[in-house]
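Right, one structure below, let's go through it.
The values are calculated or read from the model by the stated rules, or taken from the named source; none is laboratory data. Being a predicted model, the structure only gives us computed values, none of them experimental. Here Cβ is always computed from backbone atoms with ideal geometry, including for glycine, and neighbour counts include all displayed protein chains. These area figures cover heavy atoms from the full protein model, side chains too; ligands, DNA and RNA do not enter into them. Shrake-Rupley method; radii C 1.70, N 1.55, O 1.52, S 1.80 Å.
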Amino acid sequence: MDYSQYKAGCLQKLKDFLTSEKKRPVLFIGSGLSQRYLQIPDWKGLLDALCHSPVKMPKPLEYYLQSTGNDYPKVADKLEQRYFHYFWKHKKEYPGYLFSETENKDIFLKYSISKIIEKHNAQLNSDSLWNNPEIKALKKVNPQMILTTNYDLLLEKIFPKYDSYIGQDSIKSNLNDFKIMKIHGSVTDPKSIVIDTADYKKFATRQVYMVAKLLTYFVEYPIIFIGYSVSDNNIKDILSSVKKIMTPTKNMSIPKLNNIFFVEWNDKKNPTPDSISSEKIIDLGNGNGIKVNYLYLDEFENLFTAISQNSIDINVLKTVNRTIDNIIKSSSITNLEVDVASIDYLKDPQMFLSLLQNPDMMLSLSTLKSANQLASEFPFTPTELAKKTHYPNWQLLYQDIDAISKKYSVDIRETNNKFHASISGGINRYSKVALNLLLDHHNDKSLAKYFVKSKQ
């Protein structure tokens, strides 16, 4: 077996696992991806850049690595003090907010990190990036969620329909899918960047909670690590937290997480497949370890093609998630502000699929909102609507609404739709669209435009 056969075999194994699980993958993205596509330096490279600009450190990076025992956060601590003094000496050259008494002194180092990365972010507008076959393949992947320790904006550009949450917000946010969770911060908010010893201590405390909150994903979904080294401390810390939560397995000193796939970059040409294990033991320290599936790849286009799945539009799926979340959180059925007929679609997979593929029908399902939202979008009571549309009373108003419903084969008053919403307690409200519909009806104008189905 040669390397090409090995690669095809391990990718097929991953694809078969996704197919059998019938779940979207969760992507855990590390700095390797940003290095690959934006040439952003890894952590060591970032520290090296900071040793030269804008502050010129008295010793090379190797000196600080040796003096701290290769402890990168401690090296950042040493840089931090020098940056603090340098920025105050050159105060006129930098934004005034950096010098506020409410800012921590680490803001100067973090600001400098954001500026280094922003230079590389300029490549996000380059044709060469978006014409890259790997990026094209990655854009077709629809992961359940994306977690990253990267600071840059590459993932937001590749997955524009995913909501991005930064640092503490990523942990506090509701566990809805189709998110980018930037657990180590972002260049858009330099204060959020996790880089020094104090940052990592805070993160370690939050991380246990984060893993517990994400346990469903770590246990039930395929997790794919890309852009990390097997020796990466971030990965070790997270997998250590996962292992603590796992149920102990008898007769197995090193448990395996069958749903976790670790992808590592092949830096050798045509390696001997027999020397590549299908599993990897991640050393967690103190004699502990955990096994994961392992892929050693020299290109990622075929990887991204293997994990891509046909998908309904992500925005539609996000609407479904919010709706179902509101159904679950509803205190009682009387407070459930949704057309019950729409919920029936959830009972039949084929009917539900047709619902997801029809944006007009999605409107009915997506009207689960707070009373304030409904009052804003549907401001008129029947009496108010009758007055604004020149009916003497709401009974005559309803006669015309029912006649329009019959003509266009809709049921305006009995369902939640763009014209009408029923709030708990039997209160009916009407929208500005309904107002315009009835005014046009009064003026003998065509109403067909109100009932044209949205194009797919």
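What do you reckon, is Glu62 among the charged types (D, E, K, R) and in contact with a helix residue (DSSP H, G or I) (Cβ under 8 Å, 6 or more places away or on another chain)?
Against the criterion (among the charged types (D, E, K, R) and in contact with a helix residue (DSSP H, G or I) (Cβ under 8 Å, 6 or more places away or on another chain)), Glu62 does not qualify.
Filter segment 96-113 down to residues that are among the basic types (Lys, Arg) and open to solvent by 20 Å² or more (accessible area, probe 1.4 Å), then give me how many there are.
1
Would you please name the residue that is modelled with the lowest pLDDT, looking only at residues in segment 415-430 that are surrounded by 16 or more Cβ atoms within 10 Å (Cβ to Cβ) and of a type in the set (S, T, N, Q)?
This residue is Ser422.
Any chance you could count how many residues in segment 176-190 are free of Cβ contacts under 8 Å to residues at least 60 places away in the same chain, acidic (Asp, Glu) and outside any strand (DSSP E or B)?
Total meeting the criteria: 0.
Which condition from (1) closer than 26 Å to Lys318 by Cβ; (2) modelled with pLDDT under 70; (3) open to solvent by 60 Å² or more (accessible area, probe 1.4 Å) is the one that Leu368 breaks?
Of the numbered conditions (1) closer than 26 Å to Lys318 by Cβ; (2) modelled with pLDDT under 70; (3) open to solvent by 60 Å² or more (accessible area, probe 1.4 Å), the odd one out for Leu368 is (3).
I need a count of the residues in segment 284-306 that are more than 21 Å from Pro222 (Cβ to Cβ) and assigned to a loop (DSSP other than H, G, I, E, B).
Of the residues in that region, 3 qualify.
Taking Ile116, is it within 30 Å of Leu18 (Cα to Cα) and surrounded by 16 or more Cβ atoms within 10 Å (Cβ to Cβ)?
Numbers: within 30 Å of Leu18 (Cα to Cα): no; surrounded by 16 or more Cβ atoms within 10 Å (Cβ to Cβ): yes.
Criteria not met by Ile116.
Which of the residues spanning segment 47-64 are of a type in the set (A, V, I, L, M) and open to solvent by less than 10 Å² (accessible area, probe 1.4 Å)?
Passing the criteria: Leu47, Leu50, Val55, Leu61.
Going by the conditions given, is Arg36 in contact with a Pro (Cβ under 9 Å, 6 or more places away or on another chain) and open to solvent by 50 Å² or more (accessible area, probe 1.4 Å)?
No; evaluated as a whole, the condition is false for this residue.
Scan segment 382-414 residue by residue and report those that are open to solvent by 40 Å² or more (accessible area, probe 1.4 Å) and either touching a Gly at 6+ places or on another chain (Cβ under 7 Å) or part of a loop (DSSP other than H, G, I, E, B) (or both).
His390, Pro392, Asn393, Tyr408, Ser409, Val410, Asp411, Arg413, Glu414
Looking at this structure, is Asp325 closer than 28 Å to Cys10 by Cα, part of a helix (DSSP H, G or I) and either in contact with a Lys or Arg (Cβ under 6 Å, 6 or more places away or on another chain) or modelled with pLDDT under 85 (or both)?
No: the conditions fail for Asp325.
Find all pairs meeting these conditions: Cβ atoms under 6 angstrom apart; at least six residues apart or on different chains; first residue within segment 240-265 and under 29 Å from Glu299 (Cα atoms); second residue open to solvent by 40 Å² or more (accessible area, probe 1.4 Å) and modelled with pLDDT of 85 or more.
Filtered contacts from segment 240-265: Lys256/Lys291; Phe262/Lys280.
Of everything in segment 64-78, what is over 11 Å from Ile195 (Cα atoms) and assigned to a helix (DSSP H, G or I)? Give them in sequence order.
Tyr64, Leu65, Gln66, Ser67, Thr68, Lys78
For Pro73, work out the one condition from (1) open to solvent by 60 Å² or more (accessible area, probe 1.4 Å); (2) over 16 Å from Lys191 (Cβ atoms) it doesn't fulfil.
Result: Pro73 passes all but (1).
Provide a single number: the residues in segment 9-33 that are more than 24 Å from Ser229 (Cβ to Cβ), free of Cβ contacts under 8 Å to residues at least 40 places away in the same chain and open to solvent by less than 60 Å² (accessible area, probe 1.4 Å).
0
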